[in-house]
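Undergrad: Questions regarding the structure given below will be posed in turn.
Read the figures in this text as sums done on the coordinates, not as results from a lab. Remember, predicted model here, so these are calculated numbers, not experimental data. Glycine gets a Cβ as well: all are built from the backbone with ideal geometry, and neighbour counts include every protein chain shown.
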Amino acid sequence: MLESFLASTIAMATPILLAALGELVVEQSGVINIGIEGAMLSGAFAALVAVYFSGGMICGLVVAAAAALAVNALLAVLVINIAVNQVVAGTALNLLVAGITGVAYREVFGVTGRALTVRALAPLPLGPLTRIPLLGPALFDQSPLAYLALLLTAIVGYAIARTRAGLRLRACGEHPEAAAALGINVYRMRWTALLFAGVLSGLGGAYLTLVYTNTFVEGITGGRGFVALALVIIGRWRAWGIAAAALLFGAAMALQFTLQATVTNLPYQLFLALPYLLTLLVLALMSGQAAAPSALGRSYLRE
Amino acid sequence: MSARALLPSLAALLLAALLVAVTLLLLGVSPTRAATGLLDGAFGSPLAITDTLVKATPLIFCGLAVALAFEGALWNIGADGQLIAGAVAAGGIGPRLASWPHPLAVSALLLVGALGGGAWGWIAGWLRARRNVSEVISTIMLNYSAAQILAWAVHGPLIEASRAFPESSAIAASARLQLYFAPSRLNLGMALAAVLSGLAYLYLYRSAWGFALRAIGRSPRAATFHGLATTRVIITTLVLSGALAGLGGAVQVTAITHRLYEAFSPGWGYEAIAVALVARLNPLAIVPSAIFFGALDNGAQAMQRAAGVSAVLVQVIEALVIIILLAFDSAAGRRLGRGLLSPATPDSAEVDA
């Protein structure tokens with residue numbers, strides 16, 4: 001039971017970690033993306049359509065990434081090039097994608113009433129490692145996307161903190177005018193960040209349809225995009241902090257399933273509220289966003 | 001604010017309708033059939049018209065909540081959670097008011113709803129004013145918390161007597177707002193919403209508090225410099241904003257649903273952002289704007305039957321209207337030096353006029 005709990009902790013943590021790593025990069029560039037939920041939803045839907053019609057997993061992942069990339073490109077035009085309010089634009093994109101996927105689902109698959117299922121993305125067991133007692137099957141028999149999330153945690157964390165590109169990215173988020181004066185192309189930096197995040201949100205969304213459920217229902221993301229937003233804060237804008245926070249929430253979600261099966265009358269809805277309440281608590285205790293980029297959410301228009 | 005200020009809104013609505021019509025054509029759906037279905041469902045009969053007004057009512061309350069906060073550059077995305085908090089408070093005490101006289105019971109229910117929503121708004125206001133926490137993040141988190149608490153309440157402490165259905169017990173008959181125009185569901189909630197839009201207008205444009213709020217919205221630094229108590233204004237505004245949305249939740253409980261259930265709000269708080277933006281944040285314009293969106297919601301099902309296109313298409317229209325208005329506003333803002341809503345920040349501490 002502990003073994004399956006550990007395995008499902010990681011399974012639950014993977015999609016929110018992927019999306020949160022993207023959001024970390026976006027926020028370091030000075031943009032706040034309220035539309036992660038929409039980008040994930042577009043990825044989830046696109047993955048289903050692509051796998052249903054092509055049958056190929058790679059195709060599903062690529063199409064999912066492309067769909068979320070398109071959503072984030074629209075957001076980039078709005079918040080970077082014409083500098084509209086980032087919060088309202090992100091909220092509008094969430095509504096837009098929820099509407100489009102709802103309409104498109106009906107147009108593509110009709111209303112047959114039967115649940116539409118696709119093949120699952122198979123786990124990738126890492127050979128002898130899976131034979132380690134307890135940890136082996138939990139850690140080394142996961143979806144390829146879970147390994148990717150771990151790998152990206154290391155890469156993103158290192159790149160932001162230790163590379164020249166990371167320094168330039170953070171300059172855009174701390175003081176875009178100064179960054180521009182130093183010859184950094186703030187627009188290009190923020191565009192790149194949003195496109196990168198789009199790919200990760202799309203993969204996070206694809207994980208929901210191709211690994212969790214093998215189907216698509218309206219609102220399948222269930223607030224995970226907002227949990228990703230919360231993870232960035234709780235992880236204090238550090239990749240490994242975010243990964244730890246993702247595991248914590250993955251555990252809370254996994255615990256809910258485990259307990260639901262064994263304990264009756266469990267107020268599991270309160271478990272589901274946990275990430276949100278914890279975010280509020282952490283923010284209150286941090287007294288503001290000491291670790292947040294200074295220019296987060298502030299529009300910057302090129303002279 | 002003159003009627004001319006609403007011209008961009010009309011243009012945005014037309015442009016959104018045009019975009020959707022072209023998309024429908026490409027999908028092989030007849031836009032005229034969709035439009036006639038929509039209109040028929042929204043205004044095709046006296047009952048359809050009154051139901052449009054009923055559907056507009058929560059949107060007026062939430063639209064006012066959004067407009068009030070946005071005027072102060074407080075980005076309250078949490079009208080949905082505040083409405084749910086108000087509904088839970090009202091639906092929670094409703095069944096216990098059986099022995100109360102009708103006017104008192106209804107008043108108590110509405111008051112409790114406003115208090116519930118106000119409390120939910122206060123959390124965001126306090127976090128923002130005292131702990132410097134962005135109200136954008138806090139209100140989103142409070143939306144999800146409220147939705148989960150509602151789900152827990154109707155499965156647990158508030159579940160109806162037979163414990164068979166995940167819904168709360170019906171509120172006492174004395175606490176129900178009567179439907180004077182049966183069979184239509186038209187009720188006094190609509191009138192209350194209209195009165196409040198007038199009061200909100202006076203508050204925003206004719207009172208010292210409204211002046212302070214708008215000054216802070218334009219430039220918090222200058223407002224502080226002129227000795228305005230920004231902390232108090234921020235907390236008061238988010239409490240009032242939450243109370244308006246909470247009242248909307250209570251009206252829904254006392255007049256329409258009489259009980260609570262999961263997914264009580266279909267997203268009124270988010271739709272209200274479109275309502276408020278189309279009204280250019282003017283409380284008086286929020287009533288017609290909400291009726292427009294109420295008509296979309298009400299006609300959506302009929303459109304689905306007539307043209308075979310999903311009712312959530314309406315959500316696409318709402319989103320497009322917001323995006324187009326933002327884009328218009330940004331263009332105007334550059335010409336005039338600053339727009340109503342842009343460029344601005346979620347943490348308005350950095351906004352300067």
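Undergrad: Considering only the other residues whose Cβ falls under 14 Å of the Cβ of residue A:130, what net charge follows from Lys and Arg at +1 and Asp and Glu at -1?
TA: Details: positive: A:131; negative: A:3, A:141.
Charge balance near residue A:130 sits at -1.
Undergrad: Also, I was wondering about something else. Please report, in debye to the nearest 20, how large the charge dipole of the stretch B:58-285 is about its Cα centre when each Lys and Arg carries +1 at its beta carbon and each Asp and Glu carries -1 there. Please report the intermediate quantities before stating the final value.
TA: On the way: 14 positive and 7 negative charges, 116 e Å.
So the dipole magnitude of the stretch B:58-285 works out to roughly 560 debye.
Undergrad: Can you give the local net charge around residue B:172? Use residues other than it whose beta-carbon is closer than 12 angstrom to its beta-carbon, Lys and Arg +1, Asp and Glu -1.
TA: It works out to a net charge of +3.
Undergrad: In whole angstrom, and with the biggest value first, how far do the Cα coordinates of the protein assembly as shown range along each principal axis?
TA: So the three principal-axis extents are 74, 62, 52 Å.
Undergrad: While we're here: If you take the charge dipole of the protein assembly as shown about its Cα centre, with +1 on Lys and Arg Cβ and -1 on Asp and Glu Cβ, which of B:239, A:147, A:163 is farthest toward its positive end?
TA: A:163
Undergrad: Can you name the helices of chain B, as whole DSSP H runs, whose Cα span along the helix axis is 24 Å or more and whose Kyte-Doolittle mean is not below -1.0? Don't skip to the answer; put the middle values down first.
TA: Values: long enough: B:7-26 (29 Å, 2.61); B:46-71 (36 Å, 1.42); B:102-131 (42 Å, 0.74); B:135-155 (29 Å, 0.97); B:188-206 (26 Å, 1.37); B:230-251 (31 Å, 1.48); B:283-307 (34 Å, 0.70); B:313-336 (34 Å, 1.62).
Membrane-span-like by this rule: B:7-26, B:46-71, B:102-131, B:135-155, B:188-206, B:230-251, B:283-307, B:313-336.
Undergrad: Per Stokes-Einstein, at 25 °C and 0.890 mPa s, what whole-number D in µm² s⁻¹ belongs to chain A, with the Kirkwood radius over Cα pairs as the hydrodynamic radius?
TA: 125
Undergrad: Further question: Which one of A:182, A:248, A:195 has its Cα pushed farthest toward the positive end of the charge dipole of the stretch A:165-286, where Lys and Arg give +1 and Asp and Glu give -1 at the Cβ?
TA: A:182
Undergrad: Evaluate the distance, in nm, between pseudo-label points positioned 7 Å from the Cα of residue A:167 and of residue A:131 along their respective Cα→Cβ axes.
TA: 4.8
Undergrad: Treating the beta-carbon of each Lys and Arg as +1 and of each Asp and Glu as -1, no other charges, what is the dipole magnitude of chain A about its Cα centre, to the nearest 20 debye?
TA: In debye, rounded to 20, chain A gives about 420.
Undergrad: For the stretch B:10-158, just the Cα atoms, rotate onto the principal axes and tell me the three extents in Å, largest first.
TA: 52, 45, 30
Undergrad: Also, quick follow-up: Any idea what diffusion coefficient the stretch B:58-285 gets from Stokes-Einstein, in µm²/s, Kirkwood Rh on alpha carbon pairs, 10 °C, 1.306 mPa s?
TA: For the chosen part, D equals 91 µm²/s.
Undergrad: Considering the options A:62, B:49, B:254, tell which one lies farthest towards the positive end of the dipole of the protein assembly as shown, charges being +1 on Lys and Arg and -1 on Asp and Glu at the Cβ, about the Cα centre.
TA: Of the candidates, A:62 comes out farthest on the positive side.
Undergrad: Something else about it: Amide H neighbours of residue B:167 under 5 Å, counting only residues 5+ apart in sequence or on other chains, H built in-plane at 1.01 Å?
TA: Counting only residues 5 or more places away or on other chains, the set is B:160.
Undergrad: Further, regarding this structure: How high is the FRET efficiency between residue B:208 and residue B:132 when r is their beta carbon distance and R₀ equals 30 Å, given to the nearest 0.05?
TA: Plugging the Cβ-Cβ distance into 1/(1 + (r/R0)^6) gives 0.70.
Undergrad: Let me have the 222 nm mean residue ellipticity of chain B computed from DSSP H runs of 4+ only, each contributing -39500 (n - 2.57), with the sum over all residues rounded to the nearest 500.
TA: Helices in chain B give a 222 nm mean residue ellipticity of -23500 deg cm²/dmol.
Undergrad: Right, next: Let me see the P(r) profile for the stretch A:6-56: every Cα-Cα distance counted, bins of 10 Å, each bin given as a percent of all pairs.
TA: Calculated over all Cα pairs of the stretch A:6-56, the distribution is 22, 37, 33, 8 percent.
Undergrad: If Lys and Arg each add +1 and Asp and Glu each add -1, what is the summed charge of the other residues whose beta carbon sits under 13 Å from the beta carbon of residue B:297?
TA: -2
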